[in-house]
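Inspection log for the structure reproduced underneath, given as structure tokens.
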């Protein structure tokens, strides 16, 4: 059986890649995908710990259930986010997020 | 018999109610009644009061000797041990006063119907006719309270009430002087009377307070029962304070000065209030307080001396007066001096006897003088309208009361002349007229016990006969000294008829208390402890001789060579400065002005200007309080509010704004930088959690 640390290391790498993507990339779609990466890194961590503590936990599927919730919310978030991006593209002819700074103080 | 007198005593409140009803009728519907109606209502009210008084006298005479009746009407003041009620007292003394007041009052009411009818027309204000009778009825009511009171406090209510009526009636023509010119003279005379009377009232009140303090009551019965055991100084102070009240009301030295000025009132007022009734209230008060005065010889001596000195002093002033009413006014003061001297000596019977006869003949004299004045007014009116071409005469001020304008009126006004003569012989003390008997009784009593008072009163009696002779010769004899006197007209019957009654009383009044019979003394003896006087032929002879001598002297001076128009008084040359003193009332008014009035005015001015205006208003209120308040608000507004509070809040606002300006730079609109900040924050928090 693959040790838990491997899963966690993979989740950490995925999260780091997602975070870097969000901070570095300017394309809104890529930023979105990076956010999805971070979410799934978190999901991976959930299921890892769920399996790890399954023996002494009252409810065996707590982590797994939480992952379903996250996936549902992420889907909803993607729906709204993509709608926003489409609308922004229509008005600005661009999805470069550095161009979208009219809310500055 | 007892039941009937009980019933009659039940009527006693009506001596006050009747005049009050009369005045209420005149007050409410008098304007619809017309002059005759108003006069009839007032005179009827007064007349019915007299009837009630007569019934009281009858009821009293059926009681056993020395008894008197008391009629409680209603409770008034009950505080702790103090109990003062409205209680009428019917004894021989009060009933005698009731009879005099309502009897003479009724005659004067009738006279006033005729007198005021003309007076209001000469003075161009017909509307005041009704007001006059309202005041006159009010006076009767108040005087009745005064004489029928059963306690000093109730007496004081009447005492103040008659003072008020006196004030109202002296100032009846308040916007003019006695000659009808616009002036404050009459209202000033009224104020003077009121203020001088206040000084007397102060004495009365102090006496009443002392009675309450020492005896716990102001009821006559209880006070008289308690005085026997009181300390001498208490008696002396009470009697002296009462004497101050008497001096004010009965116009004795030093408070007599208001009475001559009171002649500013219409003549019926002078007769009723300032000769016959109100001014004798002081004499009544001393007689009523006889049990107190009898306890202190010092008090009696002082009262007797005050009366005697007043009698001489006022008589000497009367000699030098030219106004017909002023002579009578000073004569009244002088005769009041006789009465006060009499009651001061303990001769209460003689004092009350003189009070009654004086009420008759002085009312007669005043009313006849009013008739003379109106006769002159008519002559003046007649003259002014008879000679239209001398229209400027109308503007010329004519004094109808100045005896120097009169002369020879005997032929023009024969009825008035004979009435005046009756009053004169009664006042001068010619036997057998009323004044002789009463004055002689006083003189005989004085001769027995107070030689000094006797001599003073004898001099006063001589002067009395002299000034009355002077007046008669100047007014009625000789030749008219003014065109007006030639045209004077006799007064109508409504004025002369009551005078005839008074003249009869003046002639026959002596019968009340003839020596040997002493009806009045015995009657009053039931109430007051009186030693009956003895008739002294020597005294009577001397006073009669002096009176005749004085009249002869006045005849020699004023009629042997009748005064011509504009000729000065013959006494002026003979007596020089003495006559000037008499003419100017011995400068008492001027002295009072300098000694009392001016310093008082100065003090008032000082209090008003310096203390109230300058110190209190200008300095304390304006400078200290108002300016201090303004200064404080300015301090709070400028340095505190603008300087501190505003600065602090502005500082806060500036700080918020400055921080906002610097903080807004953080919100640069780049999503990635926000994300970086979030991540750094997460790193910091997690780092902290791990390293903690």
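The values are calculated or read from the model by the stated rules, or taken from the named source; none is laboratory data. No experiment lies behind these values; they were computed from the predicted model shown. Here the Cβ positions follow ideal geometry from the backbone for every residue, glycine too, while neighbour counts run over all protein chains shown.
Out of (1) touching a helix residue (DSSP H, G or I) at 6+ places or on another chain (Cβ under 8 Å); (2) surrounded by fewer than 24 Cβ atoms within 10 Å (Cβ to Cβ), the odd one out for residue B:340 is which?
Here residue B:340 meets the rest and fails (2).
In a helix (DSSP H, G or I) and at pLDDT below 85: does that describe residue B:571?
Numbers: in a helix (DSSP H, G or I): yes; at pLDDT below 85: yes.
Here the answer is yes, as residue B:571 does meet what is asked.
Residues that are in contact (Cβ under 8 Å) with a residue 60 or more places away in the chain, under 30 Å from residue B:97 (Cβ atoms) and out of contact with any strand residue (DSSP E or B) (no Cβ under 7 Å at 6 or more places or on another chain): does the range B:407-416 have at least one? Break it down stepwise before answering.
Quick first cut of the range B:407-416, residues in contact (Cβ under 8 Å) with a residue 60 or more places away in the chain only: B:407-410, B:412-416.
Next, only the ones that are under 30 Å from residue B:97 (Cβ atoms) stay: B:416.
When the remaining residues are screened for being out of contact with any strand residue (DSSP E or B) (no Cβ under 7 Å at 6 or more places or on another chain), the result is B:416.
Yes, the range B:407-416 has at least one match.
For the list (1) within 14 Å of another protein chain (Cβ to nearest Cβ); (2) closer than 30 Å to residue A:21 by Cα; (3) modelled with pLDDT of 90 or more, I need the number of the one condition that residue B:684 fails.
(1)
Just to be sure I understand, how many residues within the range B:72-88 are surrounded by 12 or more Cβ atoms within 10 Å (Cβ to Cβ) and out of contact with any helix residue (DSSP H, G or I) (no Cβ under 6 Å at 6 or more places or on another chain)? Write out each step before concluding.
Going residue by residue through the range B:72-88, those that are surrounded by 12 or more Cβ atoms within 10 Å (Cβ to Cβ) are B:73, B:76, B:82-88.
Narrowing the set further to residues that are out of contact with any helix residue (DSSP H, G or I) (no Cβ under 6 Å at 6 or more places or on another chain) leaves B:73, B:76, B:82-83, B:85-87.
Residues flagged as surrounded by 12 or more Cβ atoms within 10 Å (Cβ to Cβ) and out of contact with any helix residue (DSSP H, G or I) (no Cβ under 6 Å at 6 or more places or on another chain) within the range B:72-88 amount to 7.
Among the residues of the range B:557-575, write down those that are surrounded by 13 or more Cβ atoms within 10 Å (Cβ to Cβ) and without any contact (Cβ under 8 Å) to a residue 40 or more places away in the chain.
B:570, B:572, B:575
Looking at (1) within 13 Å of chain B (Cβ to nearest Cβ); (2) within 30 Å of residue A:99 (Cβ to Cβ); (3) at pLDDT 90 or above, which one does residue A:40 not meet, given that it meets all the others?
It is condition (1) that residue A:40 fails.
Residue check: is residue A:29 on the phi < 0 side of the Ramachandran plot, assigned to a helix (DSSP H, G or I) and buried (at least 16 other Cβ atoms within 10 Å of the Cβ)?
Numbers: on the phi < 0 side of the Ramachandran plot: yes; assigned to a helix (DSSP H, G or I): yes; buried (at least 16 other Cβ atoms within 10 Å of the Cβ): no.
Answer is no for this residue.
Output the number of residues of the range B:664-681 satisfying the condition of being over 21 Å from residue A:29 (Cα atoms), facing chain A (nearest Cβ under 9 Å) and part of a helix (DSSP H, G or I).
Number satisfying all stated conditions: 3.
Can you tell me which residue among B:661, B:690 is in a helix (DSSP H, G or I), within 14 Å of chain A (Cβ to nearest Cβ) and free of Cβ contacts under 8 Å to residues at least 24 places away in the same chain? Don't jump to the end; show me each part of the working.
Working: B:690 fails: within 14 Å of chain A (Cβ to nearest Cβ).
Going through B:661, B:690 in turn, the sole match is B:661.
Can you name every one of the helices (runs of 4 or more DSSP H) wholly within the range B:277-372 that holds 2 or more residues which are farther than 29 Å from residue B:567 by Cβ and either touching a strand residue (DSSP E or B) at 6+ places or on another chain (Cβ under 8 Å) or in the same structural domain as residue B:531 (by TED's automatic domain parsing) (or both)?
Details: elements: B:281-288, B:290-293, B:297-319, B:324-344.
Output list reads B:324-344.
Considering only the range B:277-293, I want to know if a residue exists there that is surrounded by fewer than 19 Cβ atoms within 10 Å (Cβ to Cβ), free of Cβ contacts under 8 Å to residues at least 24 places away in the same chain and more than 24 Å from the chain's Cα centre (by Cα).
No, because not a single residue in the range B:277-293 is surrounded by fewer than 19 Cβ atoms within 10 Å (Cβ to Cβ), free of Cβ contacts under 8 Å to residues at least 24 places away in the same chain and more than 24 Å from the chain's Cα centre (by Cα).
Condition first: closer than 30 Å to residue B:665 by Cα and more than 14 Å from every other protein chain (Cβ to nearest Cβ). Can you find one or more residues in the range A:51-66 that meet it? Don't jump to the end; show me each part of the working.
In the first step, residues of the range A:51-66 are kept if they are closer than 30 Å to residue B:665 by Cα; the result is none.
Checked the range A:51-66: no residue is closer than 30 Å to residue B:665 by Cα and more than 14 Å from every other protein chain (Cβ to nearest Cβ).
Look through the range A:86-99, keep the residues that are in contact (Cβ under 8 Å) with a residue 24 or more places away in the chain and either part of a loop (DSSP other than H, G, I, E, B) or away from chain B (no Cβ under 12 Å) (or both), and return whichever of them is surrounded by the most Cβ atoms within 10 Å (Cβ to Cβ). Quick ask: steps written out before the conclusion?
Going through the range A:86-99, the residues in contact (Cβ under 8 Å) with a residue 24 or more places away in the chain turn out to be A:88, A:95-98.
Filter once more, so that each one left must be either part of a loop (DSSP other than H, G, I, E, B) or away from chain B (no Cβ under 12 Å) (or both): A:95, A:97-98.
Working: A:95: 18, A:97: 21, A:98: 12.
Among those that are in contact (Cβ under 8 Å) with a residue 24 or more places away in the chain and either part of a loop (DSSP other than H, G, I, E, B) or away from chain B (no Cβ under 12 Å) (or both), it is A:97.
Would you please name the residue that is nearest to the other protein chains (Cβ to nearest Cβ), looking only at residues in the range A:67-85 that are in contact (Cβ under 8 Å) with a residue 24 or more places away in the chain and over 16 Å from residue A:31 (Cα atoms)?
Looking at residues that are in contact (Cβ under 8 Å) with a residue 24 or more places away in the chain and over 16 Å from residue A:31 (Cα atoms), I get A:70.
Kindly indicate which of B:578, B:595 is without any contact (Cβ under 8 Å) to a residue 60 or more places away in the chain, outside any loop (DSSP other than H, G, I, E, B) and surrounded by 14 or more Cβ atoms within 10 Å (Cβ to Cβ). Can you show your working first?
Details: B:595 fails: surrounded by 14 or more Cβ atoms within 10 Å (Cβ to Cβ).
It is B:578.
Quick one: would you say residue B:169 is in contact (Cβ under 8 Å) with a residue 40 or more places away in the chain, buried (at least 24 other Cβ atoms within 10 Å of the Cβ) and over 26 Å from residue B:91 (Cα atoms)? Walk me through it before giving the result.
On the way: in contact (Cβ under 8 Å) with a residue 40 or more places away in the chain: yes; buried (at least 24 other Cβ atoms within 10 Å of the Cβ): yes; over 26 Å from residue B:91 (Cα atoms): yes.
Yes.
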